[in-house]
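Chemist: Before we start, here is the structure in question, set down as C-alpha cells.
The values are calculated or read from the model by the stated rules, or taken from the named source; none is laboratory data. What you are looking at is a predicted structure, and each value in this text was computed from that prediction instead of being measured. Positions of Cβ are backbone-derived with ideal geometry, glycine not excepted, and every protein chain shown enters the neighbour counts.
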Amino acid sequence: MTTIALDAMGGDHAPRTEVEGAILAARELDVRVLLVGNETALQQELSRHKHSGLPIEIVHAAEVITMHDSPSQAFRRKKESSLHVAARLVRDGKAEAMVSAGNTGAVMTVARFVLGLLPAVDRPALAVAFPNMKEKVSVILDVGANVDSKPEQLEQFAVMGEIYYRAIWGARRPRVALLSIGEEEAKGNELTREAAILLKQLPLNFTGNVEGRDVFRGNVDVIVCDGFIGNIALKISEGAVEHIRAMLKKAIKSSLASQLGYALSKRAFDDFRKRTDYSEYGGAPLLGVRGVTIIGHGRSNPNAIKNAIRVAAELCRSRVNEKIEQELSAIAAVPARG
C-alpha cells in the first residue's frame, strides 16, 4: 500500500476539503493517507465522517503556511508547518509522496530544499494536464517552477514530461513538441532554437515546434517551454475556460425556446464543464525532486484532492523518479552534441 503525506492545512477550504478527499482516496484507492496538520482540527473534521477502518492517520503540525506568506520567508520561519512536516515524512521514508493544495511557491521551495533534486536534474519542472480536442490530454511543462531556463534544462523537461505522460496515460511513444512562435525551425528565440537542436537528438518522438493555438488541438502529447511562458499559457487558458463557461451559461438561460431546449443545452454545458474540470486531473507534479510531489489548485474540492492522491500513487508505483534518473543519466553520458 502506497503511503501519501497530505498537507491538510494548505487549500482554500482546509481542512474540510482535504479530509473529505483523503477519505475518498482511502476508500477507492489502494493508499494509506497521512493527514498532516493541526491534530485537534483534523480530529474534529474526521469525526463528521464515517472513517472507521480506513488507512488514515493524523500527523500533528503546529504551523500553517498561508496563501499570503512569502515562500522564502515561510520556508525559513515556519519549520513546523504542515508542508514542512509532510516533506520530512517523504524525506525520511515514512511516506512515498506528498500532496498539497497550498501556496504553490512555498510547496516548490520546500520540496526543492527539503527533499532535494534527483542527481541528474538541474531544475525541477511543474507539469499541467490540458484537456484537448481529441478528448485526450496534453501535458505542458514547465508552467512556473523556473522563470528562466537554459536549452539543456528544456531538454530535461522534455524527458521528464515524456516519462510522466507514459506513466499516467499509458502511451508508449508520446509525441513531444517545443512551444514557439512558429512551426518552422528558424522561428523562435535563441532558447527555443538551441533547445530544438538538443531535442532532435533525444530518443524521443520529437515532432518539432508547435504554436500556442496547438496546445488544445491534441496533435501532440507533451509540450515543452520555459516556466515564464508556460505560466502565462496556463493562466490565460484557465481564464479563457472560466470566461467560456460563463458565456455559455448566460446564453443557455437567456435564449431558451422551450423546456426541451433547456434540457439539451444544459446537458451539453454540463458535458463541457466536466471535460474542463481541473478536479478530474488532480494536480500538477513537480518533476525532478526526490520523492513525488503533487501541487493541487488552491480551490481544490474533495474530488481534486482524491485525484491528486491517485496521481501521486500512480507515479510512485510506476517508479517515475527512477526512470527520470536513468534516462537523464544516459543522456548525460553521451558525448557532446549540438
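Chemist: If you take the residues of region 154-174 that are aromatic (F, W, Y) and surrounded by 24 or more Cβ atoms within 10 Å (Cβ to Cβ), which of them is farthest from L198 (Cα to Cα)?
Modeler: The selected residue is Y164.
Chemist: Let me ask something else about it. Among the residues of region 1-16, write down those that are part of a strand (DSSP E or B) and of a type in the set (D, E, K, R).
Modeler: D7
Chemist: So which helices (runs of 4 or more DSSP H) stay within region 17-113 end to end and still have 3 or more residues that are within 21 Å of R290 (Cβ to Cβ)?
Modeler: Of the helices (runs of 4 or more DSSP H) lying wholly inside region 17-113, those with at least 3 residues that are within 21 Å of R290 (Cβ to Cβ) span 71-77, 82-91, 104-110.
Chemist: Could we say that Q156 is under 15 Å from R123 (Cβ atoms), outside the structural domain of E314 (by TED's automatic domain parsing) and out of contact with any strand residue (DSSP E or B) (no Cβ under 6 Å at 6 or more places or on another chain) here?
Modeler: The answer is yes for Q156.
Chemist: I want to confirm something. Restricting to region 131-153 and keeping residues that are part of a loop (DSSP other than H, G, I, E, B) and in contact with a strand residue (DSSP E or B) (Cβ under 6 Å, 6 or more places away or on another chain), which single residue is surrounded by the fewest Cβ atoms within 10 Å (Cβ to Cβ)?
Modeler: Here the answer is N132.
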